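Asker: This is the structure, below, for whatever I ask next.
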Amino acid sequence: MGSTPTGFRHAFPLNRRIQIRLRGIVQGVGFRPFVHNLAARLGVSGFVRNTSSGLEIEAEADSAVIERFVEDLLHEAPPLAWIQDHHLREIPVADSHGFAIEASQARCGEFALISPDVATCPECLAEIANPADRRHEYPFTNCTNCGPRYTIVRDIPYDRPSTTMASFRMCKDCQAEYDDPSNRRFHAQPNACPSCGPALSGALDEVRRRLAAGEIVAIKGIGGFHLACDSRNADAANRLRARKRRSEKPFALMARDTASAEDICRLTDGDRAALTSPRRPIVVLAARDPALWQHVAPGNRTLGVMLPYTPLHHLLFQNAPYSVLVMTSGNLSEEPIVTGNEEAGERLAGVADWFLTHNRDIYMRADDSVVRVIEQRERLLRRSRGYVPQTIDLARETQQILATGGELKNTFCLTKGRHAILSQHIGDLENYETLRFFEETLGNLKKLFRVEPAAVAHDLHPGYLSSRYALGCGSPPIGVQHHHAHIASCMAEHHLAGEVIGVAFDGTGYGTDGAIWGGEFLAAGYRGFERRAHIRYVTLAGGDTAIREPWRAALAWCEGVPAGLAEIPEQHLRIVRRMMETGTNVFQTSSCGRLFDAVASVIGLRHRVTFEGQAAIELEQIAADGEHPPYPFDFSTGPLLELDFRATMTQIAGSSEPRPVISARFHTTIAQAIAETCRRIRADTGLDRVCLSGGTFQNVRLLSEVIPLLRAAGCEVFLNEKVPANDGGIALGQAAIAASLLGES
Ligand code: ZN
Ligand code: ZN
Ligand code: FE
């Protein structure tokens, strides 16, 4: 080969030209410069361009070079890229010269995957820290490897004019970076600098000073406003809680860096990986000294901590006396997070002492995501900023479907092709503002992904706004039972086919018999389920009040009035007993959440809650370490297996053991009851895969006991990872079920 005259190749060209189509997250992640540089390095001619379904490349060179080009293309892609699939085909040689980046092409009906928002990368951070750099201390620094994405994109293809950066005209220097294929900012759509980009509304020094002095500052972020204050200042945190009307829910924290997080929490390797990932979720961590943090997370031994994810966040901590800030969503009570400057001025006026805003608009609101590392895997508790709109692979083609989710912690789900497109956390669908957020997000995702649903799946509960929306939107409705949806969500993300044993434990879900379910054992596939066992029904008095007042659950589970209810006024007890006896305003429930409520109340831990799950969380938090014997429990024999915990409750009501021991023994009891029930169902059905889903399975203490028991009984155990085990994940289950029903009908 070495002696071959160079002219020989031109005389007898052995060139090939191929077209390569890539799908996945290939836009807004530096893919085109990567392709351009690769082509230049290997001497390939042709072009690359964004299309509305991904990336299209035409490459021409001799056969060996083309093979090398394809190999490197697929295996050396930029860090944030994700190639879902690729198609190659030979096309006629065009004798092209050079390699071009061509204008984007939009095709009707196709769609490209938009990247989630990405935390500031190390290169950008280095520039911000460098006094000689033109972006020194510039709060909106970003590049193709980092910065806002989903929250600023109005339409596809992902180009600057279709983002909220359209109104900023790049200066000469920024434009040169944007046009230079060898530059890290080549085609970085949100590219900006101090002379041409967005600017803050006020001085950072002032904000740092006010935070240090104990003031509450509303700070505009990526997906909405945060309300911030110094986390060590209990007075400031309490003021924030009172002004925000935020019941007793824990506040999230933002720590300066991993070391600052390590100062206040014990971190595992998995925690550290989750904290520092470019998605930058809030990570639920074990507090070193929970007593110090009761103003942040009342009744908890854990803290939700995240690290800075925008240049502005990093600058907030620069030369500041504080190392950890409270950073809670900028909203009132349960309303959606605030995004607009004017909106913030109006709605947060009574909450914040000071505002730090800027003029880069947020198009899509998105709260911070929350994860917890369980069994060495990162598990989503709230899926939002940094994760959305990355799709979840359904492992098969589906029709286009909308699933409207549940009521609490609502998310919805669209399907197209093999993709499940789960919305960001919408919140509790209980008011007009949240419903509007639902509709605005639905409109946006339908547009970005070009979806026109052929059917709409919904929860069976007739009163949920999500159900009413589904029934009123004009597409054929498909009702899905709540706990079936929980189990299907777990099956779908693990690509499980056939049937499984589904254990769905939570607070509330509408059953097919009109009762409120929540302690369910199902033999389930996508197309249907058989209820095999459940927690025994009890009669609870008073609709939603029964959830807010755990002592009512205690009355339902116990004979007479347990001593632990001594502080409940006689008259209230009498009225509720009377309601239960006469069947006035009562409902039947197998809810595991209410069983936890009953225990929390009977031991005098908590008789009233301000948010769903609060009593159960506090009961878990106090559980003593180590092994403790279970209480007795019974199975009834009938057409359906029923788990009866009346004997458990009687023992607890009469117990003089310390609360932490009672809590530990109760957790062990539930774990053993679940394992024993699964063992029996396995013997009857031969099924040996168990999916655990529903809000109760966010209880780490319970999981740590039940998983080994199930494995010892020969079962394979599956938990939710990519979507929450709570109601934030049921839209995925509804979609998977509807897809299966539509696909085979
Ligand atoms: Zn960067
Ligand atoms: Zn500029
Ligand atoms: Fe649920």
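The values are calculated or read from the model by the stated rules, or taken from the named source; none is laboratory data. This one's a predicted model, so the numbers in the text were calculated from it and none came from an experiment. Using ideal geometry, Cβ is built from the backbone for each residue, glycine included, and neighbour counts are taken over all protein chains shown. We work out accessible area using only protein heavy atoms, side chains counted, and drop any ligands, DNA or RNA first. Shrake-Rupley method; radii C 1.70, N 1.55, O 1.52, S 1.80 Å.
Asker: Kindly indicate which of Pro33, Pro5, Pro13 is crowded, with 20+ Cβ neighbours inside 10 Å and either touching a strand residue (DSSP E or B) at 6+ places or on another chain (Cβ under 7 Å) or modelled with pLDDT under 90 (or both).
Answerer: Of the residues listed, the single one that is crowded, with 20+ Cβ neighbours inside 10 Å and either touching a strand residue (DSSP E or B) at 6+ places or on another chain (Cβ under 7 Å) or modelled with pLDDT under 90 (or both) is Pro33.
Asker: Specify which of the listed residues (Arg135, Arg169) is within 15 Å of ligand 1 (Cβ to nearest atom), part of a loop (DSSP other than H, G, I, E, B) and of a type in the set (D, E, K, R).
Answerer: Arg135
Asker: Condition test on Pro190, is it more than 25 Å from Arg280 (Cα to Cα) and either part of a loop (DSSP other than H, G, I, E, B) or open to solvent by 30 Å² or more (accessible area, probe 1.4 Å) (or both)?
Answerer: So Pro190 fails the test.
Asker: Considering only residues that are outside any loop (DSSP other than H, G, I, E, B) and modelled with pLDDT of 95 or more, which ones fall in segment 410-426?
Answerer: Asn410, Cys413, Leu414, Thr415, Ala420, Ile421, Leu422
Asker: Against the condition under 17 Å from Gln189 (Cα atoms), assigned by TED's automatic domain parsing to the domain that holds Val35, without any contact (Cβ under 8 Å) to a residue 60 or more places away in the chain and open to solvent by less than 70 Å² (accessible area, probe 1.4 Å), how does Ala81 come out, does it pass?
Answerer: The answer is yes for Ala81.
Asker: List pairs: first in segment 497-524 and within 18 Å of Gly479 (Cβ to Cβ) and in a strand (DSSP E or B), second open to solvent by 10 Å² or more (accessible area, probe 1.4 Å) and within 16 Å of ligand 1 (Cβ to nearest atom), Cβ under 8 Å, 6+ apart or cross-chain?
Answerer: Cβ pairs passing all conditions: none.
Asker: Continuing with this model, one more query. For the structure I just gave you, tell me whether Val44 is touching a helix residue (DSSP H, G or I) at 6+ places or on another chain (Cβ under 7 Å), touching a residue at least 40 places away in the same chain (Cβ under 8 Å), over 28 Å from Tyr387 (Cβ atoms) and not assigned by TED's automatic domain parsing to the domain that holds Ser369.
Answerer: yes
Asker: Give segment 560-612 a look and list any residue that's in contact (Cβ under 8 Å) with a residue 60 or more places away in the chain and touching a strand residue (DSSP E or B) at 6+ places or on another chain (Cβ under 7 Å), or say none.
Answerer: Phe587, Gln588, Thr589, Ser590, Ser591, Cys592, Gly593, Arg594, Leu595, Glu612
Asker: On to the next question. I need every pair where a residue in segment 23-37 that is in the same structural domain as Ile83 (by TED's automatic domain parsing) has its Cβ under 9 Å from the Cβ of a residue that is assigned to a helix (DSSP H, G or I) and open to solvent by 10 Å² or more (accessible area, probe 1.4 Å), sequence separation at least 6 or different chains.
Answerer: Close Cβ pairs satisfying both conditions: Val26/Arg32.
Asker: For segment 607-628: of the residues being of a type in the set (Asp, Glu) and over 23 Å from the mean Cα position of the chain (by Cα), which is nearest to Ala242 (Cα to Cα)?
Answerer: In this case the residue turns out to be Asp625.
Asker: Would segment 339-350 turn up any residue that is in contact with a Phe, Trp or Tyr (Cβ under 6 Å, 6 or more places away or on another chain), assigned by TED's automatic domain parsing to the domain that holds Leu253 and farther than 26 Å from Pro198 by Cβ?
Answerer: No.
Asker: Continuing with this model, one more query. Pairs please, first residue from segment 281-301 and among the aliphatic types (A, V, I, L, M), second anywhere and assigned to a strand (DSSP E or B) and surrounded by fewer than 16 Cβ atoms within 10 Å (Cβ to Cβ), Cβ atoms under 9 Å, 6+ apart in sequence or on different chains.
Answerer: Leu285/Arg266; Ala286/Arg266; Ala287/Arg266
Asker: Can you tell me which residue in segment 526-546 is nearest to Ile670 (Cα to Cα), limited to those that are in contact with a Leu (Cβ under 9 Å, 6 or more places away or on another chain) and charged (D, E, K, R)?
Answerer: Looking at residues that are in contact with a Leu (Cβ under 9 Å, 6 or more places away or on another chain) and charged (D, E, K, R), I get Arg536.
Asker: Right, something else. Give me the pairs, please: first residue somewhere in segment 170-187 and within 14 Å of ligand 2 (Cβ to nearest atom) and open to solvent by less than 60 Å² (accessible area, probe 1.4 Å), second residue anywhere and of a type in the set (Lys, Arg) and at pLDDT 90 or above, beta-carbon distance under 7 Å, and either six or more positions apart or on two chains.
Answerer: From residues that are within 14 Å of ligand 2 (Cβ to nearest atom) and open to solvent by less than 60 Å² (accessible area, probe 1.4 Å), the pairs are Glu177/Arg185; Tyr178/Arg185.
Asker: Oh, and also: Could you check, for segment 145-164, whether at least one of its residues is within 12 Å of ligand 1 (Cβ to nearest atom) and either outside any loop (DSSP other than H, G, I, E, B) or among the hydroxyl-bearing types (Ser, Thr, Tyr) (or both)?
Answerer: Within segment 145-164 (the criterion being within 12 Å of ligand 1 (Cβ to nearest atom) and either outside any loop (DSSP other than H, G, I, E, B) or among the hydroxyl-bearing types (Ser, Thr, Tyr) (or both)), the answer is yes, since at least one residue qualifies.
Asker: Moving on to the next point. Among the listed residues His87, His97, which satisfies the condition of being in a loop (DSSP other than H, G, I, E, B), open to solvent by 70 Å² or more (accessible area, probe 1.4 Å) and out of contact with any Gly (no Cβ under 7 Å at 6 or more places or on another chain)?
Answerer: It is His97.
Asker: Same structure, new question: Residue by residue through segment 451-476, note down the ones that are of a type outside the set (Ser, Thr, Tyr) and crowded, with 17+ Cβ neighbours inside 10 Å.
Answerer: Val451, Pro453, Ala455, Val456, Ala457, His458, Asp459, Leu460, His461, Leu465, Ala470 - these are the residues of segment 451-476 that are of a type outside the set (Ser, Thr, Tyr) and crowded, with 17+ Cβ neighbours inside 10 Å.
Asker: Also: Do you know which residues across segment 123-157 are farther than 17 Å from Pro190 by Cα and away from ligand 2 (no atom under 16 Å from the Cβ)?
Answerer: Those that are farther than 17 Å from Pro190 by Cα and away from ligand 2 (no atom under 16 Å from the Cβ): Ala126, Ala129, Asn130, Pro131, Ala132.
Asker: Starting from residues that are aliphatic (A, V, I, L, M) and more than 24 Å from Arg711 (Cα to Cα), keep the ones in segment 629-647 and report whichever is least open to solvent (accessible area, probe 1.4 Å).
Answerer: Looking at residues that are aliphatic (A, V, I, L, M) and more than 24 Å from Arg711 (Cα to Cα), I get Ala647.
Asker: What's the number of the only condition in (1) in a loop (DSSP other than H, G, I, E, B); (2) touching a Cys at 6+ places or on another chain (Cβ under 9 Å) that Glu407 fails to meet?
Answerer: (2)
Asker: Give, as residue ranges, the strands (runs of 3 or more DSSP E) completely inside segment 288-399 that count at least 2 residues that are of a type in the set (A, V, I, L, M).
Answerer: 302-306, 324-329, 370-374, 377-382
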